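K.L.:
Structure provided below as structure tokens; questions to follow.
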């Protein structure tokens with residue numbers, strides 16, 4: 001299911017990044033000389049923030065730490081004599 005979220009959000013991020021870049025160029029009044037690089041920076045920034053958020057929402061919560069004096073590993077089963 002996580003893969004589906006990443007795919008849908010990736011498409012949306014592409015469209016959002018394109019709109020942001022178009023608005024920057026519109027405010028500037030001309031095309032930017034390094035348009036591809038600026039687009040990459042915009043989509044990379046948005047994707048890192050968004051994908052970190054998705055991962056945080058979809059991962060199970062971490063297990064609580066063991067209390068003092070408790071074993072962190074399960075004990076080995078007793079050995080039987082053959």
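K.L.:
For region 2-58, report the convex hull volume of the alpha-carbon atoms normalised per residue, in Å³, without decimals.
P.N.:
It is 65 Å³ per residue.
K.L.:
Apply 1/(1 + (r/R0)^6) to the Cβ-Cβ distance of residue 4 and residue 25, taking R0 = 25 Å, and write down the FRET efficiency to the nearest 0.05.
P.N.:
FRET efficiency, residue 4 to residue 25: 0.15.
A short reminder: the numbers here are calculations on the coordinates, not readings from a lab. Small disclaimer: the values here were computed from a predicted structure and weren't measured. Backbone-built Cβ (ideal geometry, glycine too); neighbour counts: all protein chains shown.
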